[in-house]
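A short write-up of the structure that comes next.
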Amino acid sequence: MKKPYEWFEERFGITAIMSFLTNKTIPQHKHTVWYYTGSAILLFFVIQMITGFMLIFYYKPTLELANASVLRIMNDVPLGWVIRSVHSWSASFMIALVIIHLMSIWILKSYTRPRELTWMSGVFLLFVSLFFGFTGYLLPWDDLSLSATKVGTDIPRSIPIIGKWATIFLRGGEDVTGDTLTRFFGFHVCILPVFAFLLLAFHVYLIQKHGISEPLKQENQKTKLKGLPFWPNFIFRESIIWLFLIGVLLTIAIFLPPHLGHQADLMAPAPEGIKPEWYFLFLFQLLKIFPAKILFFTGDTLAVFFIMGLAALFFFLPLIDNKPLEQKGKAVTVSAYVFLLFVAIMTVWSLL
Amino acid sequence: MRVKGVILCILFLLLCSFLISSSNITMPDPQTAKMESIPSQESETDIIISSGPKDIKEKTGILFFLGWVWLSIFVLIYFLRQKIKETDRLYQSGYYSDGKDKICLEE
């Protein structure tokens, strides 16, 4: 038993790694629960990767075979429907957790100096996750996914000057065709994973460099909170949450598997009741409620500018709210709750 | 602590029964499934192909598997809770401080 340990120790320096992990501490306070969301996101990312590898063995990203290959995964591949369902549900779980993670940071104002870039890389990761969802939605190539992609890729067209180019870039042409499918497949399985890995590495490096944030009161008073060793105390606690989440994911994936529509027909009119994934519903409703024309601008252009403005405010939040810790008020915290309420109302409205 | 566990178990069972009642975990008619799998020009655009176990054998197998998964999760959580108590006690007694840590690893 001693020999294998020495072999690994000589090559990897396990003792040094374990010592580092034991000496690394996690602050203990009443908001510690939010720290667990970060690792849960990573768990779902890994689940997505594993199930994605399994699906890619059978999926064929061509106009003629995409829908049929998904049908084959569901009907002929042993437990293929479970793998597809786990892949689809873990995407939803991951995005929900990324949103919860970012909102907790917003409310606790953990993005303050020197953690501005940690926040920005996190917001970038949210955008990448959303784009993962958007590109993955088209891959089954059914009526609903085709129509939703047509609507989604048409949104950038409202942006002056670069809008048309952005739409053509996304679609691989003027319209959604087989080229769009190939392009989205490329984004989904190659380009986005590379981006996600790089951003994740950068994000984790920054967390490691600046340490885990503590509540503002403690950071302001420069008081040291009681910490818990990362290994083994914190990891054991995290493992309980991971196990529970895996159980919930598997249960939901088995009882509520995603359906598949019939093969998309490029010439067919859009079916009624097109709806995007739940995380895009508030944007979808926002686009719908804007009037056709306001002064000299079309409603679509203003809606897109409004959404881009919101995204920019969200991204640059640490630079906007850069007052010293002792001068910080409640405005930013209130704005987080208002934003959450706005998103919830818009989402429910779109479902009515 | 026991009351908490009982409440959690009841909530879990309620969730399971809700999911079973609202799920589409029913066996599709093989003939219909076969027909649906052939793309047809005349097919309605709003028809969807449901996903789920193919036959009673697979359905039973998947439910047993899920039961086994949850049982394993509860057992593992029980052991992890014991380990947490132990590691917290060791941490409070200063076991993880540098000197003792080195001794432990060398042993």
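A few remarks follow.
- Test: residue in region A:88-107 that is touching a helix residue (DSSP H, G or I) at 6+ places or on another chain (Cβ under 7 Å), buried (at least 19 other Cβ atoms within 10 Å of the Cβ), modelled with pLDDT of 95 or more and farther than 30 Å from residue A:209 by Cβ: yes
- The residues listed here are A:200, A:181; of these, the one that is part of a helix (DSSP H, G or I) and under 28 Å from residue A:304 (Cβ atoms) is A:181.
- Just one of (1) more than 10 Å from chain B (Cβ to nearest Cβ); (2) part of a helix (DSSP H, G or I); (3) not aliphatic (A, V, I, L, M) fails for residue A:251. It is (1).
- Any pair with Cβ under 8 angstrom, 6 or more apart, that starts in region A:13-31 at a residue that is free of Cβ contacts under 8 Å to residues at least 24 places away in the same chain and ends at one that is hydroxyl-bearing (Ser, Thr, Tyr): A:14/A:5
- Being at pLDDT 90 or above, within 19 Å of residue B:49 (Cβ to Cβ), facing chain B (nearest Cβ under 7 Å) and not in a helix (DSSP H, G or I) holds for only one residue in A:257, A:271, and it is A:257.
- Taken together, the residues in region A:105-121 that are closer than 20 Å to residue A:328 by Cβ and assigned to a helix (DSSP H, G or I) amount to 9.
- Looking only at region A:57-74, and only at residues there that are without any contact (Cβ under 8 Å) to a residue 60 or more places away in the chain and buried (at least 19 other Cβ atoms within 10 Å of the Cβ), the one that is nearest to residue A:135 (Cα to Cα): A:69
- Residue ID - nearest to the other protein chains (Cβ to nearest Cβ), chosen from residues in region A:1-56 that are surrounded by 15 or more Cβ atoms within 10 Å (Cβ to Cβ) and of a type in the set (Gly, Ala, Ser): A:19
The values are calculated or read from the model by the stated rules, or taken from the named source; none is laboratory data. Worth saying up front: this structure is predicted, and the values here are computed from it rather than measured. Positions of Cβ are generated from backbone atoms using ideal geometry, with glycine treated the same way; all protein chains shown enter the neighbour counts.
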